[in-house]
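The values are calculated or read from the model by the stated rules, or taken from the named source; none is laboratory data. All figures in this text were calculated on a predicted structure; none of them were measured in a lab. Cβ sites come from the backbone with ideal geometry, for glycine too, and all protein chains shown count toward neighbours. Calculation scope for accessible area: heavy atoms of the full protein, side chains included, ligands and nucleic acids excluded. Shrake-Rupley method; radii C 1.70, N 1.55, O 1.52, S 1.80 Å.
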Amino acid sequence: MTQVSVEDVTADLLRQWKHDPYNLLQILIGVQQAFHHISAAAVDLIADKLSLTRANIEGVIGFYSFLHAQPRGLYDLLMSDNIVDQMSGSRELAGMLAQRLGVEPGTTRADAVVSLGYTSCTGMGDQGPAALVNNRTLTSLTPQRIEQIAGLIEERMPLGEWPQEFFAVNGNIQRRDLLLESDLQQGAAIDAVVSRGAEQLLGELEASGLRGRGGAGFRTALKWRFCHDASANERVVVCNADEGEPGTFKDRVLLQAYADRLFEGMTLCAGVIGASRGFLYLRAEYLYLLEDLQQELQRRRDANLLGDSILGEAGFDFDIEIHLGAGAYICGEESALIESLEGKRGIPRIRPPFPVTEGYRGRPTVVNNVETLIAAAMIAANGPEWFRSRGTDDSAGTKLLSISGDCSRPGVYEYPYGVSLETILHDCGAEDVQAVQVAGPAGQCVPSSEFDRSIAFEDLSTGGSMMIFSQQRDLLNVVENFSDFFVHESCGFCTPCRVGTTLLQKRLHKVVSGHATSEDLAMMRTIGSVVRESSHCGLGMTAANPILGGMEKFSELFEARLKSTSFEPAFDLDAALEEARQISGRDDVGAHIEGGGV
Amino acid sequence: MSKHFVIDGREIPFEEGETVMDAALAAGVYIPHLCHNPEFHPHGSCRLCIVTVNGRHAAACITPAADDAVVENNSDALMAQRRTLLQMLFVEGNHGCPACEKSGACQLQAVAYYCGMLAPELTHLYPRREVDASHSDVAIDFNRCILCELCVRASRDVDGKDVFAISGRGIGAHLVVNSESGKLGDSQFDAGDKAAHVCPVGAILPKHRGYDVPIGERLYDLNPISRVGDVAAQEES
């Protein structure tokens, strides 16, 4: 490995990112990749060149899970900690690694060779257990592979020389419908807007009934029209590829196999709303896709489908740059995503104003999900009736679902809206199912008595995550995993989400460990409803769903764990005395509560 | 035609562009709040000003007033939610009112009294936080910081110094000071800064004048916050 200086690398990064403070996050990611942390010296250099304060940059580093002020190991290993990874043995594998490498999870080994930790779902639910090593994806981990990986690390083998199959990511498309089985001629959607005009296209999009595929279901035509009608000199198109909802991975498959259609959709949107700038905000967990995506963009520039005077149309100038995330689920929320694009902490903005009038750097901005933009491109090429041929009145078209958990054929399934859970479970080979988590931790856990319900905006609305739990699973573990997730991912801006998620986590732990009473359940309801009703953004509003929904639909599971007494202390009195014992240097029987505490 | 909305049955006039909070305060209707200070751009983080607007929960300080809207402010349900939010703030940090120099002039304490919070019922988190006494004239006790970001806003928007920022995430979010050592004494902070006079709690405290006003004679010892308003505004006048 050649020695490079912080000064040189930082100078290169600053040049690459045009000395623009709005690109701070991208610069920090570059420094992190080069030096496994962002040193105080690097912070000072960047602060000086970008006229930002040190505290401001420290605040950004402190916000993102994948940025570090303290050195990480040469090999930074993070095990995906979603419940589905856990169900396939990820925690045991992490334990093996910890033992084999002599490093506790959550720490860096003294020789700074390896760090081990856990991270939120890496989007590989159909091929887990998964992990990241220096942000590169490892899939289908087994005890044998863990053994090999430990060996490679001890040999200091560069990642480029690791067996390539360790990094293989499969598409696993199990069912194709309207979107995935139809072709799209390159440039056809762009040609549609050039030849038929923005008004016509907006009309067609409206007639198609397309609604946002990220989960919220806002009408795409309306979003585009608001942005089109906002007065501004510059408009922006953003593709939200921050697919962070645990259990979903369908955007990853689209980015891997259908990137041309996505860029077609973004360019179509630019043509309709009059945007000149586009961003693809790619979650850090999908770093492995970056190079292919860059190449696809270059191919399109070469074919005059991006750049100046697209398809020879004077004034149709549009290009797309890719920005990386750095480990923050909240950045999937569109206004937090824009903050992150602007190089800041991903704190959701106050709305109004909405991004369609004031988004990236105050310019009117459309933020759409990957699947939405692809659907829009295909509607432009094939017409609204083609799209309307599937789905229901309120939910036109099809939905891509990411299916994982207890089933024999996990992967991506494209279904017409209106499909029932029963049908889906049958198709993916799920038997003896206890419950299905629809729309991830932020969604709901549906018991088997409700499997006749359907995937649709008017019933079970989802961004695409679907995790299946058999009768053998303890659903309280699932609820705990999701509650931990929200504690980890709360941005910390508003009181109810920042504090409430932690309070809920602690109460739930009391329940699961068999120390709770019915008063604790009542308190979880109180805290949960405050978190749900008073939080600043969608994350907070849904963060209590696993617990509130769990207590509503699976109350017997919670009640079975209760102690019969009406009050139990929230803390262990004897454990609380540990610090005093250390100070006094005592650990005899008398220094413990059970021993009389004298 | 002037525009109106209704809070708890009372008609409130407003100008276009005003928030529910602006119009309510102008009309003498108190909505509990901590992170809001009319001198600064609204923030919406403490969530104590949660009201319902046409049945939907919203933070009054960041919600534009709308003609004919029906706003609920003083209902039992909303007051109960505020008590829970206050409880969260109390257990998140280390707040010992009897030993705090700000007691009696602290907005957190005063709002808690106003909302009827009697004792903390939630599990204390007992975080380990520092006291920064490095500055000659002002001390920061991070144990009492409620992350309202008023000092961040004041230093940035009024003092033009950017002395403060927020780092960390979630329950780990915390106030940081812009200096090489991270200490206030090494920063550009000055006791005359606006940022030294906006803290609603006892986190940013002036030195050398503790207990100038005896306990029992302080702002909220004499009047409820709903009548006398924010402590920062009193300090100014």
### Task
Using only Cα atoms, find the angle between the long axis of helix B:76-92 and the longest principal axis of chain B, and express it within 0 to 90 degrees, rounded to the nearest 10.
10 degrees
### Query
In the protein assembly as shown, what percent of the accessible surface is made up of carbon and sulfur (1.4 Å probe, ligands and nucleic acids excluded)?
49 percent
### Query
Which distance in Å, rounded to a whole number, links the C-alpha centroids of the stretch A:318-394 and the stretch A:236-259?
11 Å
#### Entry: Where labels lie 7 Å past Cα in the beta-carbon direction, separation of A:Arg409 and A:Asp229 in nm
4.6 nm
#### Entry: Cβ crowding within 10 Å averaged over residues, with A:430-443, A:406-419, A:286-299 ranked highest first
A:430-443, A:406-419, A:286-299
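If you average the sequence gap of Cα pairs under 8 Å that are 6 or more apart and divide by the length of chain A, what percent do you get for the contact order? Walk me through the intermediate numbers first.
Numbers: 1147 pairs, mean separation 75.8, N = 598.
Reported as a whole number, the value is 13 percent.
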### Task
Check each residue of the stretch B:59-103 and keep those whose accessible area, probe 1.4 Å, is at least 50 Å² smaller with all protein chains in place than in the chain alone; give them in order of residue number.
B:Ile62, B:Gln81, B:Met88
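Among bridges DSSP assigns within chain A, what percent are antiparallel (round to 5)? Please list the in-between numbers first.
On the way: 27 of 57 bridges.
Around 45 percent antiparallel, to the nearest 5.
Rounded if a/c is under 1.5, else prolate if a/b is larger than b/c, else oblate: which is the protein assembly as shown, with a ≥ b ≥ c the root eigenvalues of its Cα gyration tensor? Working shown, then result.
Numbers: a/c = 1.40, a/b = 1.25, b/c = 1.12.
Rounded shape, in that the Cα axes give a/c under 1.5.
Could you pull out the trypsin sites (Lys or Arg not before Pro) across the stretch A:9-74 that fall in loop regions by DSSP (anything but H, G, I, E, B) with no more than 11 other Cβ atoms inside 10 Å? Provide the component values of the computation, followed by the final result.
Values: sites: A:Arg15, A:Lys18, A:Lys49, A:Arg54, A:Arg72; in loops: A:Lys18, A:Arg72.
Qualifying residues, ordered by number: A:Lys18.
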### Task
With +1 on each Lys and Arg Cβ and -1 on each Asp and Glu Cβ, and nothing else charged, work out how big the dipole of the stretch B:36-145 is about its Cα centre, in Debye to the nearest 20.
280 debye
#### Entry: Simple label model, 7 Å out from Cα along Cβ direction - A:His426 to A:Ser555, nm
3.3 nm
### Query
Cα axis of helix A:90-101 to longest principal axis of chain A: angle in degrees, 0 to 90, nearest 10?
70 degrees
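Per residue, what accessible area does the stretch B:168-229 have, given a 1.4 Å probe and all protein chains present, in Å²?
Details: 2980 Å² over 62 residues.
Solvent-accessible surface per residue comes out at 48 Å².
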### Query
Net charge near A:Leu184, counting Lys/Arg +1 and Asp/Glu -1 over other residues with Cβ under 10 Å of its Cβ?
-2
### Query
Once you list every other residue whose beta carbon is under 12 Å from the beta carbon of A:Leu222, what net charge do they have if Lys and Arg are +1 and Asp and Glu are -1?
+2
#### Entry: Cα centroid of the stretch A:534-561 to Cα centroid of the stretch A:13-41, whole Å
39 Å
### Query
Taking +1 at the Cβ of each Lys and Arg and -1 at the Cβ of each Asp and Glu, which of B:Ser103, B:Val70, A:Gly307 sits farthest along the dipole of the protein assembly as shown towards its positive end, judged by Cα position relative to the Cα centre?
B:Ser103
### Message
Averaged across A:524-537, how many Cβ atoms of other chains sit within 10 Å of each residue's Cβ atom?
### Response
4
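State, in square angstrom and to the nearest 100, the accessible area buried between chains B and A, both chains counted, probe radius 1.4 Å.
Details: alone 12010 and 24160 Å², together 32950 Å².
Roughly 3200 Å².
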### Query
Setting aside same-chain residues fewer than 8 positions from B:Lys183, which lysines have a Cα under 19 Å from its Cα?
B:Lys161, B:Lys194, B:Lys207
### Query
Straight-line reach from A:Lys506: which lysines have Cα under 20 Å away, leaving out those fewer than 8 places along the same chain?
A:Lys563
### Message
Placing +1 on the Cβ of each Lys and Arg and -1 on the Cβ of each Asp and Glu in the protein assembly as shown, which of A:Ile149, A:Val438, A:Asn23 has its Cα farthest towards the positive end of the resulting dipole?
### Response
A:Asn23
### Task
Report, as an integer, the average count of C-beta atoms from other chains found within 10 Å of each Cβ along A:442-453.
0
### Task
Using Cα positions and a limit of under 14 Å, work out the aspartates and glutamates in reach of A:Lys49, with same-chain residues fewer than 8 apart set aside.
A:Glu7, A:Asp8, A:Asp12, A:Asp20
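Out of the DSSP beta bridges found with both residues in the stretch A:68-198, what percent are antiparallel (nearest 5)? Please report the intermediate quantities before stating the final value.
Numbers: 8 of 14 bridges.
Taking every DSSP beta bridge with both residues in the stretch A:68-198, the antiparallel ones total about 55 percent.
Accessible area per residue for the stretch A:375-435 in Å², computed with a 1.4 Å probe and the full protein assembly in place, what is it? Mind showing how you got there, number by number?
Numbers: 2000 Å² over 61 residues.
I get 33 Å² per residue for this part.
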### Query
What residues of the stretch B:1-44 lie in the reach of a label at B:Val70, counting those whose backbone N is under 17 Å from a point 7 Å from the Cα along Cα→Cβ?
B:4-12
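So what's the back-of-envelope 222 nm ellipticity for chain A, counting only DSSP H runs of four-plus at -39500 (n - 2.57) apiece and dividing by all residues, rounded to 500? Walk me through the numbers before you get to the answer.
Values: 26 runs with 257 residues, N = 598.
Mean residue ellipticity at 222 nm (helix-derived): -12500 deg cm²/dmol.
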### Task
Sort out for me the Cα centre separation of the stretch A:80-149 from the stretch B:133-155, rounded to whole Å.
40 Å
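DSSP loop GluC sites (Glu not before Pro) in the stretch B:56-125 with at most 12 other Cβ atoms within 10 Å of their Cβ, which ones?
On the way: sites: B:Glu72, B:Glu92, B:Glu101, B:Glu121; in loops: B:Glu101, B:Glu121.
Those that pass, being in a loop and sparsely packed, number zero.
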### Query
Where the only charges are on Cβ atoms (+1 Lys, Arg; -1 Asp, Glu), what is the dipole of chain A about its Cα centre, to the nearest 20 debye?
860 debye
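Where does each of A:Ser276, B:Ser45, B:Ser75 land when they are ordered by accessible area, with a 1.4 Å probe and the largest first? Intermediate values should be presented prior to the final figure.
Values: A:Ser276 50, B:Ser45 5, B:Ser75 25 Å².
Ranking A:Ser276, B:Ser45, B:Ser75 by accessible area, largest first, yields A:Ser276, B:Ser75, B:Ser45.
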### Query
If packing is taken as the mean number of other Cβ atoms within 10 Å per residue, what is the order of B:201-213, B:26-38, A:491-503, highest first?
A:491-503, B:26-38, B:201-213
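Under the definition of partner shielding as Cβ atoms of other protein chains within 10 Å of a residue Cβ, what is the mean value for peptide B:46-54? Don't jump to the answer; show the numbers that get you there.
Working: counts 4, 12, 2, 1, 5, 0, 1, 0, 0.
Partner Cβ neighbours, averaged per residue: 3.
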### Query
Under 13 Å from a point 7 Å along the Cα-to-Cβ line of B:His4: which residues of the stretch B:68-93 have their amide N that close?
B:68-70
